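Colleague: One structure is given below, represented as structure tokens, and several questions about it will come after.
The values are calculated or read from the model by the stated rules, or taken from the named source; none is laboratory data. Only a predicted model underlies this, so the values are computations on that prediction, with no experimental measurement involved. No Cβ is skipped: glycine too gets one built from the backbone with ideal geometry, and neighbour counts run over all protein chains shown. Please note that ligands, DNA and RNA were not included when accessible areas were found on the heavy atoms of the full protein model with its side chains. Shrake-Rupley method; radii C 1.70, N 1.55, O 1.52, S 1.80 Å.
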Amino acid sequence: MDETPKRFDRIVAILIQLQSKKIVKAQELADRFEVSLRTIYRDIRTLEASGVPIYSEAGVGYALMEGYRLPPVMFTREEVSSFIAAEKLMQKFTDPSLGSHYASAMFKLKSVLRSTDKDWLSNIESRVVMQSADPLFHDKSPNTLALLFESIAEKKQIILSYKTLEAEQPTHRNIEPVGVFHDHNNWYFLGYCHLRKDYRQFRTDRIQGIQKTECDFTIEHDSLETYLNKTETIPTTKVRILIEKKIARYLEFERKYHGFVSEKEIDGQIEMTFMCRDIESGFPRWFLMFGDYATILEPESLKVRTLELLEVNRKRLL
């Protein structure tokens, strides 16, 4: 098999990636294209030999000389189709400010498409719809994501007006945002809270006001993944339940939120194992949704708690 076309495509893609970032590491390129570092070094030498001004720093990465740019390359049809999904997602799942910026960028992207690809895009984009559920942002703070991105990029503190689920009134805090993530159909950000003197998570739909300040970050924060992974050290309890097979398949989505670990079939039923963080409230209340088709195998404390909830409910119905 001739590897020349494949190598040519990779070299062009490397050049595009070099234009997309200030510094690109060789390992980053090797991981993306699933090749060896030796292959990446060879491809970089090929680009240099063709006149592309690349400079490198040992242990840092590669960069293009300031000012060097190539005009946009043509997009493949597969890349064009990815724009549709991305545009629809941005319209529904980001704040108005970011959505507006993305729409402007999409006009620029579409302007370089071939006429046939523009027609192809128009034929299907009206037939792709993204539907969001509850509002992701509070009416008083519609452009939360855009301001968080600015704060993170510029390392400037924000003043946050935040109302927790239990509180009657919002609190005002100075925050150093670390990163933004999407989970459980909601946007969250993690940041260092000067009020609590610790890292906290905040849900965007509970933010009633956000303002960027000129105060610099006071801490050199680790990556977002570092802090999110720390939550995995929260104590857990092993839970085993036995559930009828016809019902088990309906739990595949929600079970992951309760620490699902594994399952196995036993005599036509499904035994599920969880490492659960909340057997006082979260898990037993979820279990009661399908409890008439399931049995708690362990722990005994979960059985007791579930019975307590049933008794409370029984009294309310009398």
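Colleague: Heavy atoms only, 1.4 Å probe, whole protein assembly: order Cys215, Cys193 by accessible area, highest first. Provide the component values of the computation, followed by the final result.
Modeller: Numbers: Cys215 65, Cys193 0 Å².
Largest to smallest exposure gives the sequence Cys215, Cys193.
Colleague: To the nearest 0.05, what FRET efficiency results for Phe253 and Lys303 with a Förster distance of 30 Å applied to their C-beta separation? Spell out each step's value before the answer.
Modeller: On the way: r = 25 Å, r/R0 = 0.84.
The formula returns an efficiency of 0.75 here.
Colleague: Given the C-alpha atoms of the stretch 255-308, compute the convex hull and give its volume per residue in Å³. Walk me through the intermediate numbers first.
Modeller: On the way: hull volume 4.4 nm³, N = 54.
Looking at the stretch 255-308, the number lands at 81 Å³ per residue.
Colleague: So how much slack lies between Ala86 and Val261, counting 0.36 nm per residue of separation and subtracting their Cα-Cα distance, in nm? Don't jump to the answer; show the numbers that get you there.
Modeller: Values: separation 175, 0.36 × 175 = 63.00 nm, distance 3.20 nm.
Full-extension gain reported as 59.8 nm.
Colleague: Considering only protein heavy atoms and a probe of 1.4 Å, how much of the accessible area of the stretch 172-318 is carbon and sulfur, as a whole percent? Intermediate values should be presented prior to the final figure.
Modeller: On the way: 4380 of 9030 Å².
Roughly 48 percent, rounded to a whole number.
Colleague: So how exposed is Tyr227, as accessible area in Å² (1.4 Å probe, rounded to 10)?
Modeller: Only protein atoms counted, so the area is about 20 Å².
Colleague: About its Cα centre, what dipole magnitude does the stretch 1-159 give when the only charges are +1 on Lys and Arg Cβ and -1 on Asp and Glu Cβ, stated in debye to the nearest 20? Show your work: numbers first, answer last.
Modeller: Details: 22 positive and 21 negative charges, 38 e Å.
Using Cβ point charges on Lys, Arg, Asp and Glu, the stretch 1-159 gives about 180 debye.
Colleague: Additional query: What is the ratio of the Cα radius of gyration of the chain to 2.2 N^0.38 Å, with N the residue count, to two decimals? Please list the in-between numbers first.
Modeller: Working: Rg = 25.9 Å, N = 318, 2.2 N^0.38 = 19.6 Å.
Taking the Cα Rg and dividing by 2.2 N^0.38 Å, one obtains 1.32.
Colleague: Okay, moving on. If ligands, DNA and RNA are left out, what is the accessible area of Arg10 with a 1.4 Å probe, given in Å² to the nearest 10?
Modeller: About 30 Å², ignoring ligands and nucleic acids.
Colleague: Also, quick follow-up: Is there a quick way to get the dipole size of the chain? I mean about its Cα centre, with the Cβ of Lys and Arg at +1 and of Asp and Glu at -1; what is the value in debye to the nearest 20?
Modeller: On the way: 46 positive and 47 negative charges, 71 e Å.
Its charge dipole is roughly 340 debye.
Colleague: According to a simple spin-label model (label point 7 Å from Cα along Cα-to-Cβ), what is the distance in nm between Arg69 and Ala49?
Modeller: Taking the two extended label points, one gets 3.0 nm.
Colleague: Positive end of the charge dipole of the chain (Lys, Arg +1 and Asp, Glu -1 on Cβ, about the Cα centre): tell me which of Tyr41, Ser111, Met90 has its Cα farthest that way.
Modeller: Looking along the dipole axis, the top candidate is Ser111.
Colleague: Could you give the size of the charge dipole of the stretch 229-318 about its Cα centre, using +1 on the Cβ of each K and R and -1 on the Cβ of each D and E, expressed in debye and rounded to the nearest 20?
Modeller: 240 debye
Colleague: In nm, give the distance between the simple-model label positions of His182 and Arg114, each being 7 Å from the Cα along the Cα-to-Cβ direction.
Modeller: In this crude label model, His182 to Arg114 measures out at 3.1 nm.
Colleague: Going down the table (Lys92/Lys140; Lys245/Lys303; Lys197/Lys238; Lys88/Lys246; Lys22/Lys140), which pairs top 26 Å between alpha carbons?
Modeller: Long pairs (Cα-Cα over 26 Å): Lys197/Lys238; Lys88/Lys246; Lys22/Lys140.
Colleague: Then there is this: Return the long-range amide H neighbours of Ile207 (sequence gap of 5 or more, or a different chain), with a cut-off of under 5 Å between placed amide H atoms.
Modeller: Correct list: His138.
Colleague: For a quick check of understanding: with a 1.4 angstrom probe and all protein chains in place, what accessible area in square angstrom does Met289 have, to the nearest ten?
Modeller: Accessible area, nearest 10 Å²: 140 Å².
Colleague: Still on this structure, I have one more. Accessible area per residue of the chain at 1.4 Å probe, in Å²? Walk me through the numbers on the way to the answer.
Modeller: Working: 20200 Å² over 318 residues.
That works out to 64 Å² for each residue.
Colleague: Anyone know which of Leu160, Leu302, Leu98 comes out most mobile in the 10 Å Cα GNM of the chain?
Modeller: Leu302
Colleague: Can you compute log10 of I(q)/I(0) for the stretch 25-167 with the Debye formula, treating each Cα as one identical point scatterer, at q = 0.15 Å⁻¹?
Modeller: The Debye formula, applied to the Cα set alone, gives -1.08.
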